[in-house]
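For reference, the structure discussed in these notes is given below.
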Amino acid sequence: MSDQPTIEPSVLAERRGPLGLLTLNRPRSINALTHEMVGLLQAALDDWATDPAVTAVVVKGAGARGLCAGGDIVSIYQDAVSGGHGAVDFWRDEYRLNAFIASYPKPYIALMDGIVLGGGVGVSAHASHRVVTDKTRVGMPETGIGFVPDVGGTWLLSRAPGELGTLVALTAGHMTAGDAIALGLADHFVDSADLETLVDLLVDHPVDEALTKVARPAPPSKLAEQRTWVDAAFAHNTVAEILDALNRRPEPEAAEALTAIRSKSPTSLVVTLRALRAARRMTRLEEALAQEFRLAVRLLRGHDMAEGIRAQVIDKDRNPRWEPPQVADVDPAEVDAHFASLEDAELEFDPTSSVGPAAAPEQEGTA
């Protein structure tokens, strides 16, 4: 008899009657996404998309801490410092999965319980039914590690009311359940304790009927309550102007936002703001994902991404040394280069899975 421990798959795919249930299964790392997990999710969703016996799909996270803490940025860091290409392959497949989820032909219910960061947003916030709870904390923390909101994050945040998405992107702040609903990244509020009841109901009831039985009124959004000053401060099209506007605001929350932004990678801030403004004009999710892919490839080879991950996750000194250190020193030509075409390496999608405006919401570690 073998003494070797049983190794469970990183994604569990099971059937409960007509319901397909996907569980991200790396609870010790808050289910941080790996390339293998992306492949397993894609394979299961491909199978169930054409299986008439499957009427809906649920995705959830194993353990009590959250759905997904983002991408496995330790592996990304190793590529950044070694010149490896694994991260590029990962992003290519991950972003295609994000687009596939957004166009999925059957109800796709994401249980956004606990921590939902970065790549976790990509497998949940493009769902047809997005459920948040009293434990939910959603975030796109990329500017804090020298990166940009990806997995369709620029598409989602650019469509939030007013400039609330710009605030979240630049500060890398977290959203509560009420915030996520107000900003268009979630739809339904359910008590965390009732999620298993919801899954049981989904086996025997249509999705909307099951949700009606357990959903509660959305809690208030503190972010939405601050929209007046947020819209005024973040409406500018340069980071320097936004910083100046925040510096002149009397609200204590504006001072907090100013402090948060000043701690982020200047290059990431400038690139992120430009990406958000460009995504706002786009008509298809895939356009934003293709832009994010270009940026990811370029930032992987830059200084700040490796430095940001080092400071946050590797050495954990929380003291990144950004290059350049100030927003005013970011070279516009370098920013332009981040957005340039990758030519033959551009991210491409299946033309039959296009997601247009109607679909828009209107590591351990994170990425």
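The values are calculated or read from the model by the stated rules, or taken from the named source; none is laboratory data. Everything numeric here is computed off the predicted structure, so don't read it as measured data. Glycine also receives a Cβ, built like all others from the backbone with ideal geometry; neighbour counts cover every protein chain displayed. In case anyone asks, the SASA skips ligands and DNA or RNA and just uses the protein heavy atoms, side chains included. Shrake-Rupley method; radii C 1.70, N 1.55, O 1.52, S 1.80 Å.
Please enumerate the residues belonging to segment 275-316 that are within 18 Å of the chain's Cα centre (by Cα), part of a helix (DSSP H, G or I) and among the charged types (D, E, K, R).
Within segment 275-316, ARG277, ARG280, GLU286, GLU287, GLU292, ARG294 meet the criteria.
Give the residues of segment 31-52 that are in a helix (DSSP H, G or I), in contact with a helix residue (DSSP H, G or I) (Cβ under 8 Å, 6 or more places away or on another chain) and open to solvent by less than 30 Å² (accessible area, probe 1.4 Å), sorted by residue number.
VAL38, LEU41, LEU45, listed by residue number.
Hey, GLU364 hits all of (1) modelled with pLDDT of 95 or more; (2) more than 25 Å from SER103 (Cα to Cα); (3) open to solvent by 50 Å² or more (accessible area, probe 1.4 Å) but one; which does it fall short on?
Against the list (1) modelled with pLDDT of 95 or more; (2) more than 25 Å from SER103 (Cα to Cα); (3) open to solvent by 50 Å² or more (accessible area, probe 1.4 Å), GLU364 comes up short only on (1).
For segment 94-110: of the residues being open to solvent by 10 Å² or more (accessible area, probe 1.4 Å) and either under 17 Å from VAL58 (Cβ atoms) or among the polar types (S, T, N, Q) (or both), which is nearest to the chain's Cα centre (by Cα)?
If we take residues in segment 94-110 being open to solvent by 10 Å² or more (accessible area, probe 1.4 Å) and either under 17 Å from VAL58 (Cβ atoms) or among the polar types (S, T, N, Q) (or both), then ALA102 is nearest to the chain's Cα centre (by Cα).
Given the structure, is VAL148 outside any helix (DSSP H, G or I) and open to solvent by less than 10 Å² (accessible area, probe 1.4 Å)?
yes
Checking the structure you have, find out if any residue of segment 156-172 is assigned to a helix (DSSP H, G or I), open to solvent by 10 Å² or more (accessible area, probe 1.4 Å) and closer than 25 Å to ARG301 by Cα.
yes
Sort through THR259, THR272 and tell me the only one that's part of a helix (DSSP H, G or I), surrounded by 21 or more Cβ atoms within 10 Å (Cβ to Cβ) and of a type in the set (Ser, Thr, Tyr).
THR272
If you take the residues in segment 59-89 that are over 21 Å from GLU8 (Cβ atoms) and hydrophobic (A, V, I, L, M, F, W, C), which one is most open to solvent (accessible area, probe 1.4 Å)?
VAL81
Would you be able to tell me the number of residues in segment 166-197 that are of a type in the set (Ser, Thr, Tyr) and closer than 14 Å to ASP113 by Cβ?
3
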